[in-house]
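The values are calculated or read from the model by the stated rules, or taken from the named source; none is laboratory data. Small disclaimer: the values here were computed from a predicted structure and weren't measured. Heads up, the Cβs are rebuilt from the backbone with ideal geometry, glycines too, and the neighbour counts pull from every protein chain shown. Protein only, heavy atoms only, side chains kept; ligands, DNA and RNA dropped before computing areas. Shrake-Rupley method; radii C 1.70, N 1.55, O 1.52, S 1.80 Å.
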Amino acid sequence: MSGLYTRLVSGLLFPLHERLKQHDSVALRRGLEDSQWWPRERIEALQLERLRALLVHARDHVPYYREGFARIGFDPAAIASLAELQRLPFLGKAEIRANTEALKADDAVGLARFNTGGSSGEPLIFFIGDRRVSHDVAAKWRATRWWGVDIGDPEIVVWGSPIELGAQDRVRALRDRLFRTELLPAFEMSATKLDGFVARIRARRPRMLFGYPSALSHIGLHAERRGIRMDDLGIEVAFCTSERLYDHQREAIERVFGCPVANGYGSRDAGFIAHQCPQGGMHLTAEDLIVEIVDGEGRVLPPGQAGEIVVTHLATGDFPFIRYRTGDVAVMDTATCACGRGLPMLREIQGRATDFVVARDGTVMHGLALIYVLRDLPQVAGFRIVQESLEHTRVQVVPGVGFDADTVGRIEHGLAARLGEGVRIDVEQVAEIAPEKSGKYRYVVSKVDASEVSCAT
């Protein structure tokens, strides 16, 4: 049961914060907490209504879709079923990169620039408007409350994105203090850093954890090796996201921290796609998203078959994501969750996984520490980093416009600064980044066992 201060934050301070930012997340969250109990047919009717509105808006205000719809003779106002969405082509990273300006609506509000490496390391720049932000905040907020915790409850966030870590100005720091959120950087996982993380978590005594499953399990196992209890802090739930959650990670987090793990699936580009409820169902945010599972030929697959996740985000009128190919693989479920919600579910997510890498001195770092060196270079069209040993790392690079010897030098310098002096960095130019046998792309592959190195340091 949340305390008085939590109720003050969730009922007054956070709504005021959202109103000042001109976000509608409070009203949207209340609506989502009602619609989650609707029968499937009513949710699908809402999806169709919102899809039609999104497509009509895209035709009227987004040059990319105005031209695209005219080219294929598509009338968005006439669609009568969700299946008609399949008449439209997919939107991939290449299409976004080639048509970034044409994808902006001429009436967009509050567009903010974002970029992500994508599952193959391919740099992607895109934009998000205020409406999309409000819907994503509301969806995450609803899922948080499923677990009996709320905004304002003490929280530890273990994260590595420079968007968050690089923006810790005074205003943000004050906001985090008011909302009782503490951010721990996930890039470096040396024994000293891990000791500090364990100490901060014990001092904070959070009601919830949020972060990469690899990072949370790594911190937990370190505490266990040190003989430090973490299951006596009153932690109610650990929210894991941004990576595939493996069974051994879930087991370790639940055992060490003495709390259930709530798996979340989504990304900055595709949105807040699905979240696990306490009864185990991986529920789609169906009011805001239409999710298709497609095969290698782009054909929509029935529930029960594995394929690529394709997302249409219904709140992206400012910069539409319509039939967006995520590059992740999942299986749609046909079951009904014991919780009683009408939201459809994913049965299995075979999504992306980001490895740890190990510096020459034994420092264990999140793979994102290397990814961001290449991701922000416009001269790099795609990449994969392979850590062969503590002394040798290979970087496969698909050259983009302007790629030259200076770019190679920046890559070598950036990786060497993180992996350590004397590590050999080989930059190899390739025509394309080949997928794994599973069909998935991995942008960091480490052949060094991080857990064994951590034990020895």
Report task. Name every residue in segment 197-218 that is modelled with pLDDT under 95 and either more than 24 Å from the chain's Cα centre (by Cα) or among the polar types (S, T, N, Q) (or both), in order of residue number. Result -> Ser214, Ser217
Query raised in the report: For segment 401-434, which residues satisfy the criterion of being over 18 Å from Ala359 (Cα atoms) and in contact (Cβ under 8 Å) with a residue 40 or more places away in the chain?
Result: Glu432, Ile433
Query raised in the report: Failed condition for His283, given (1) within 30 Å of Ser25 (Cα to Cα); (2) over 22 Å from the mean Cα position of the chain (by Cα); (3) not in a helix (DSSP H, G or I), with all others met?
Result: (2)
Requested in this report: Just give me the residues in segment 93-107 being within 24 Å of the chain's Cα centre (by Cα), in a loop (DSSP other than H, G, I, E, B) and surrounded by fewer than 18 Cβ atoms within 10 Å (Cβ to Cβ), in sequence order.
Outcome: Asn99, Thr100
Report task. Considering only segment 11-30, state which residues are open to solvent by 50 Å² or more (accessible area, probe 1.4 Å) and among the small types (Gly, Ala, Ser). Result -> Gly11, Ala27
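Yes or no, residue by residue, for (1) in a helix (DSSP H, G or I); (2) among the hydrophobic types (A, V, I, L, M, F, W, C); (3) at pLDDT below 95:
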| site | (1), (2), (3) |
| --- | --- |
| His23 | no, no, yes |
| Asp34 | yes, no, no |
| Leu48 | yes, yes, no |
| Arg52 | yes, no, no |
| Phe74 | no, yes, no |
Query raised in the report: Quick one: which strands (runs of 3 or more DSSP E) sit completely within segment 149-268 and have at least 2 residues that are in contact (Cβ under 8 Å) with a residue 24 or more places away in the chain and small (Gly, Ala, Ser)?
Result: 261-267
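Can you tell me which residues in segment 268-306 are among the charged types (D, E, K, R), within 13 Å of Ala330 (Cβ to Cβ) and at pLDDT 95 or above?
Selection gives Glu292 alone.
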Query raised in the report: Do we find a residue being open to solvent by less than 10 Å² (accessible area, probe 1.4 Å) and without any contact (Cβ under 8 Å) to a residue 60 or more places away in the chain anywhere in segment 376-393?
Result: yes
Query - Sole exception among (1) surrounded by 23 or more Cβ atoms within 10 Å (Cβ to Cβ); (2) part of a strand (DSSP E or B); (3) modelled with pLDDT under 90; (4) of a type in the set (A, V, I, L, M, F, W, C) for Ile309, by number - result: (3)
Report task. Answer yes or no: is there a residue in segment 120-131 that is within 18 Å of Leu289 (Cα to Cα), part of a helix (DSSP H, G or I) and modelled with pLDDT of 85 or more. Result -> yes
Report summary line: Of the residues in segment 312-330, those that are assigned to a loop (DSSP other than H, G, I, E, B) and buried (at least 21 other Cβ atoms within 10 Å of the Cβ) come to Leu314, Ala315, Thr316, Gly317, Asp318, Phe319, Pro320, Phe321, Ile322
